[in-house]
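Down below is the structure, laid out as structure tokens.
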Amino acid sequence: MSHFFKYKNLYITPPGAAVGGLSSSQLSLPVPSPDKGGGFLGKASNLLKVKHSHAQSTGNTASEPGLISQITTNARKRTRNKLYMKKQQIRIACWNIKTVYSKDHELIPELNEHKIDICALSETKKKVKETTKLNNYILVYSGVPKDQRATSGVGVAINYKYEQNIESIEYVCDRILRVKIMFDQPIHIISVYAPDINKPEEMSMDFYENLQSAIDKIPRHEKIILLGDLNARI
């Protein structure tokens, strides 16, 4: 069953990015409509400029982030009474890490190697909701309660230099996490891990209803970046 939901100013990762390989392209978000290779229908204003960079895949599908995006924002600087715009690039990635417990020693080195500022993590299999610091990254996790078996879980890794930019965190459920980060404009990072085709249809419906509800809470003029594993099938 196909699922579509309403949105405004919503940006999602290009569906062509392979797990374990970094995609390469340059585009302005949002992604194209489905007939042109994109994932959702609709329009958005005030587009963020995104430049995708790539690295050679190692062949290990769980050893590196699945997508790196460079988002260009504007930072103002005044000199000699003249105001000009200075570009600031923010590198964003998403990674189905399978489980954070066996990959915790790989996570930070990979993010540092690819100079990632923000990374959405899916299938972390980490329980409870918490925010921790690991080396030079702040890790935000949203999972099931301690007394339940962890089969999902999502997270967001944010470079410590942006700690003061984090404005709010919403632990929607064990499959959806939203982090609002302030740059020259507010950006909402939504990390998701959708149920796969083998899960009950009711679980999928609950997931998309929760995702729709999380998006509806965001003001229309604020940017949304949706990242993660949507378990899409063609």
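Can you tell me which residue is modelled with the highest pLDDT among those in the range 117-128 that are over 17 Å from Asp229 (Cβ atoms) and crowded, with 17+ Cβ neighbours inside 10 Å? Spell out the reasoning first.
Step one: of the range 117-128, the residues over 17 Å from Asp229 (Cβ atoms) are 117, 127-128.
Keeping just the survivors that are crowded, with 17+ Cβ neighbours inside 10 Å gives 117, 127.
Details: Asp117: 95, Lys127: 92.
Checking each candidate, the answer is Asp117.
The residues of the range 197-234 that are surrounded by 14 or more Cβ atoms within 10 Å (Cβ to Cβ) and part of a loop (DSSP other than H, G, I, E, B), listed by number, are Lys199, Ile218, Glu222, Leu230, Asn231. Can you say whether Ala157 is touching a residue at least 12 places away in the same chain (Cβ under 8 Å) and crowded, with 24+ Cβ neighbours inside 10 Å, as far as the supplied structure shows? Yes, satisfied.
Pairs are defined by a Cβ separation below 6 Å, a sequence spacing of at least 6 or placement on different chains, a first member in the range 216-234 that is over 17 Å from Ile187 (Cβ atoms), and a second member that is crowded, with 23+ Cβ neighbours inside 10 Å and of a type in the set (Phe, Trp, Tyr); the pairs so defined are Asp229/Tyr193. Could you look through the range 91-109, keep only residues that are crowded, with 18+ Cβ neighbours inside 10 Å and of a type outside the set (A, V, I, L, M, F, W, C), and pick out the one that is nearest to Val144 (Cα to Cα)? The extreme case among them is Asn96.
Whether any residue in the range 168-175 is assigned to a helix (DSSP H, G or I) and basic (Lys, Arg) is what I want to check. Checked the range 168-175: no residue is assigned to a helix (DSSP H, G or I) and basic (Lys, Arg). Going through (1) modelled with pLDDT of 95 or more; (2) over 19 Å from Cys119 (Cβ atoms) one by one, Ile169 falls short only on (2).
Counting only strands (runs of 3 or more DSSP E) that sit completely within the range 86-152, those holding 2 or more residues that are free of Cβ contacts under 8 Å to residues at least 40 places away in the same chain and under 18 Å from Asn165 (Cα atoms) correspond to 129-134, 137-142. Does the range 111-120 include one or more residues that are within 20 Å of Leu211 (Cα to Cα) and touching a helix residue (DSSP H, G or I) at 6+ places or on another chain (Cβ under 7 Å)? So far as the range 111-120 goes, yes, one or more of its residues are within 20 Å of Leu211 (Cα to Cα) and touching a helix residue (DSSP H, G or I) at 6+ places or on another chain (Cβ under 7 Å).
The values are calculated or read from the model by the stated rules, or taken from the named source; none is laboratory data. If you're wondering where the values come from, they're calculated on a predicted model, not measured in any experiment. No Cβ is skipped: glycine too gets one built from the backbone with ideal geometry, and neighbour counts run over all protein chains shown.
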